[in-house]
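Here, each number is a calculation from the coordinates, and none is a lab measurement. Small disclaimer: the values here were computed from a predicted structure and weren't measured. Every residue, glycine as well, gets a Cβ built from its backbone with ideal geometry; the counts of neighbours run over all protein chains shown.
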Amino acid sequence: GEYIPTVFDNYSANVMVDGKPVNLGLWDTAGQEDYDRLRPLSYPQTVGGTNGKNLSSSLTDQPIADVFLICFSLVSPASFENVRAKWYPEVRHHCPNTPIILVGTKLDLRDDKDTIEKLKEKKLTPITYPQGLAMAKEIGAVKYLECSALTQRGLKTVFDEAIRAVLCPPPVKKRKRKCLLL
């Protein structure tokens, strides 16, 4: 059937991560340009949002964006470039201190012959793991992960790592103060 995007969908699930029960709230927002003005309404306690996913845990009384999953298709160089050009700037503008996990999706298609051939016709190639890792480093993501919704490969890891990013945030690197006298 025809794909009809929604502006945003909410999901909720109780999951176990590292032996702890966690209530996971997920906001799945539309990435289409048509929704750029509406998308920010899907982020409670924020002025704006991102493509992909916004998770909120039950660690606080009010739903807030605890972690963002910025997602791109591993077989769409354009969606990969949008991480840098659109989604990262949007997230950082509205939620400057919220951790980001970069997620490459459609992992099952990266080695698919038909997909590779279609990309080759346009002089393109799938996004490699090192390219994804480099982008994650560039945008300051706390993790880079790849998954396939079709095969479920890496899917549980994405959500487990998103929860861990909230429950066990990486230590903030302290900047060394330098005094320069001229």
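Data overview
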read-out	value
Environment charge at Ala141 (Cβ cut-off 12 Å; Lys +1, Arg +1, Asp -1, Glu -1)	+2
Of Lys86/Lys106; Lys113/Lys137; Lys118/Lys156; Lys20/Lys156, those spanning more than 24 Å from alpha-carbon to alpha-carbon	Lys113/Lys137; Lys118/Lys156
Which of Ser79, Ser12, Ser148 has the fewest Cβ neighbours within 10 Å, and the rest in rising order	Ser12, Ser148, Ser79
